[in-house]
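Taking it in order: structure first as structure tokens, then the write-up.
The values are calculated or read from the model by the stated rules, or taken from the named source; none is laboratory data. A quick note: this is a predicted structure, and the numbers were derived from the prediction, not measured. Counting neighbours? That spans all protein chains shown, and the Cβs are built from the backbone with ideal geometry, glycine included.
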Amino acid sequence: MQTLWLYLLFPQLQLDLDSDGINPEQATTPDPAVLLHPQDLRVHQANAPARSLGIKPGQTLAQACAMCAALQVMPWQPALEQQLLDMLALDCYQLCADIAEAPPNALWLRLDPMLQLYGGLPAFLQQLNQQLQQRPLQYQYGVALSAEAARLLCLSQPGQTALTQVQQQRRLSGCPVSFLHVTPATIQQLERLGISQLGQLLLLPATELSRRFGADLYLYLQRLQGKLPPLLQYYQPPEQFSARLELLYQLEQYPQLHKPLQHLLLQLQHYLQRRDQVCYQLQLELTLRDQPPLTLKLQSPQAEALACRWLNLWQLKLEALRLPAPVLALALSASQYCSRDTDSDDLYAGRRGQYTPLQLVGLLQAKLGSAQVCRPAQVAAYLPEIAGVNIPLQSAAAGVNPQPRQQSTQVPAPRQTMAQNLAQTVAQPAAAYTVGAEPSATNTFTALPAPHRPAFLLAQPEPLQQQVQLQPGLERIQSQWWQGPSEARDYLTAQSADGRWLWIYRTEQQQWFVHGVFA
């Protein structure tokens, strides 16, 4: 079976996908702009408005500025262009499994294993066009039986296909030899001999080519004709997400980070959706002017994949950020991946809130800080103020054992005993006991079963300053001897004059305190 290759060329990759192309549907008519090569200071890429004024790649900066006084000049960054090429390779990986990069701005796609899946070459090209139209891209392509023939066809006759050897030979016969992927010295030697087109070169005997130009040209022509396999390194998707965005302008306030950050989060969303994954933690690195980079971390208790939800968390976190210097670039990376849970909503569950409990916790952590959001927990201690502790959520998630506020050795659950000195008096149903007032024959206990523990516990017990009516039921709590001076408390339920139900206790010194309030 013959192979079929597609060569995809992006002539102005950095200009199309730079930070100004984040929202192409909202962009106005772009100004003339060029990318300047940092070494020879010549035009490397020019956008359509610049080319309409006569500016072409290879011109000097003085020539370009003479044609347009308002020309925008930006440096060509090979590293950035490689990152953009990796992003496009990841997009095309959803359509084709065999992809090879041709730096700095092209891709090879092997099509013959995919044609049966898509139902032919026209259907595949339609899917590819829909995929690439999601970004503000200009591209051209060529399809041939070998990888190098597809490249030459893309450069000399963009948009053409050669599905047979006869078509390939006919279409490439007029291709200039300057497009060949050989050394400049070999091209000069061919032009001195009067060989300006590929068809003329292919008519020469193979032995003559090897003798005059060496084995490199001969092997190159063998790969061009498909007689030898191409020397390509196939693309492999990255295991971890990482994206960087260079800005053409300096950002000095956090609201200006919204659009660039949204652009990076959309890339993350596409990355996770293709793998049916979600992530828990993101890291944002801000490159500052004349300052070391600023690194921010954001963690969500509920794993997320959608860019809109991560953007809400970042906005809450960045509200309190004070930039020490203007931002020049943003880099986003993700960690702690997991598979997406395929759960469905209950049809009869009724109307729910906008956020799940874990999403609400994530919003609070982003707004207040992870250490400020805690959950209540219990430890083995007798005194109520020691038994209840607050644990940061990240500690609980990491498996950190909660520790009480005071150091103590964990003991079994406390046993509840009745205080002998008050059991008989409180148990009398006809008697009336009002703390702070004389007993009255008209006051009786209400036969209301009180909860074992109140819903709200005071941070510190407060002295009882009002008259209350005691209720049946007594509980003695004794502190541990190893925590300091031993303390015995007799807890009762009482009702205040304003109708509140209180949880009070009496000490051995006959002092009364309020410790909690029932809901």
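Brief remarks on what is shown
- Test: residue 464 is surrounded by 17 or more Cβ atoms within 10 Å (Cβ to Cβ) and either more than 30 Å from residue 389 (Cβ to Cβ) or at pLDDT 50 or above (or both): yes
- Looking only at segment 33-83, residues that are under 20 Å from residue 102 (Cα atoms) and small (Gly, Ala, Ser) come to 1 in all.
- Restricting the first member to segment 189-203 and to residues that are in contact (Cβ under 8 Å) with a residue 40 or more places away in the chain, and the second to residues that are part of a strand (DSSP E or B) and not basic (Lys, Arg), the beta-carbon pairs closer than 9 Å and six or more apart or on different chains are 198/176.
Here's the yes/no breakdown for (1) closer than 26 Å to residue 134 by Cβ; (2) at pLDDT below 85; (3) not assigned by TED's automatic domain parsing to the domain that holds residue 263; (4) not aliphatic (A, V, I, L, M):
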site	(1), (2), (3), (4)
21	yes, yes, yes, yes
24	yes, yes, yes, yes
45	yes, no, yes, yes
63	no, no, yes, yes
77	yes, no, yes, yes
101	yes, no, yes, yes
113	yes, no, yes, yes
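- Residue selected from segment 91-123 under the condition closer than 18 Å to residue 234 by Cβ and among the aromatic types (Phe, Trp, Tyr), by the criterion nearest to the chain's Cα centre (by Cα): 93
Residues are listed down the side, and each one gets a yes or a no for (1) assigned by TED's automatic domain parsing to the domain that holds residue 384; (2) in a strand (DSSP E or B); (3) closer than 19 Å to residue 387 by Cα:
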{"residue": "472", "(1), (2), (3)": "no, no, no"}
{"residue": "476", "(1), (2), (3)": "no, yes, yes"}
{"residue": "485", "(1), (2), (3)": "no, no, yes"}
{"residue": "495", "(1), (2), (3)": "no, yes, no"}
{"residue": "498", "(1), (2), (3)": "no, no, no"}
{"residue": "503", "(1), (2), (3)": "no, yes, yes"}
{"residue": "510", "(1), (2), (3)": "no, no, no"}
{"residue": "513", "(1), (2), (3)": "no, yes, yes"}
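- Candidates 315, 291: the one that is surrounded by fewer than 19 Cβ atoms within 10 Å (Cβ to Cβ), out of contact with any Ser or Thr (no Cβ under 6 Å at 6 or more places or on another chain) and either in a loop (DSSP other than H, G, I, E, B) or outside the structural domain of residue 253 (by TED's automatic domain parsing) (or both) is 291.
- Residue selected from segment 202-259 under the condition aliphatic (A, V, I, L, M) and out of contact with any helix residue (DSSP H, G or I) (no Cβ under 8 Å at 6 or more places or on another chain), by the criterion nearest to residue 84 (Cα to Cα): 219
- Residues of segment 244-267 include at least one that is in contact with a His (Cβ under 9 Å, 6 or more places away or on another chain) and surrounded by 12 or more Cβ atoms within 10 Å (Cβ to Cβ).
Residue-wise test of (1) farther than 24 Å from residue 376 by Cα; (2) surrounded by fewer than 18 Cβ atoms within 10 Å (Cβ to Cβ).
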residue: 456; (1), (2): no, yes
residue: 471; (1), (2): yes, no
residue: 481; (1), (2): yes, yes
residue: 499; (1), (2): yes, yes
residue: 503; (1), (2): no, no
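- Cβ pairs under 8 Å, 6+ apart, first in segment 213-240 and within 24 Å of residue 167 (Cβ to Cβ) and touching a residue at least 40 places away in the same chain (Cβ under 8 Å), second of a type outside the set (Val, Ile, Thr) and surrounded by fewer than 12 Cβ atoms within 10 Å (Cβ to Cβ): 220/181; 223/229; 223/231; 226/2
- Long-range neighbours under 9 Å by Cβ, at least six apart or interchain, first residue over 15 Å from residue 296 (Cβ atoms) within segment 243-264, second among the charged types (D, E, K, R) and assigned to a helix (DSSP H, G or I): 248/20
- Residue match in segment 37-57 (condition: in contact with a Phe, Trp or Tyr (Cβ under 7 Å, 6 or more places away or on another chain), in contact (Cβ under 8 Å) with a residue 60 or more places away in the chain and not hydroxyl-bearing (Ser, Thr, Tyr)): no
- Residues that are of a type in the set (A, V, I, L, M), in a loop (DSSP other than H, G, I, E, B) and modelled with pLDDT of 90 or more, drawn from segment 204-230: 228
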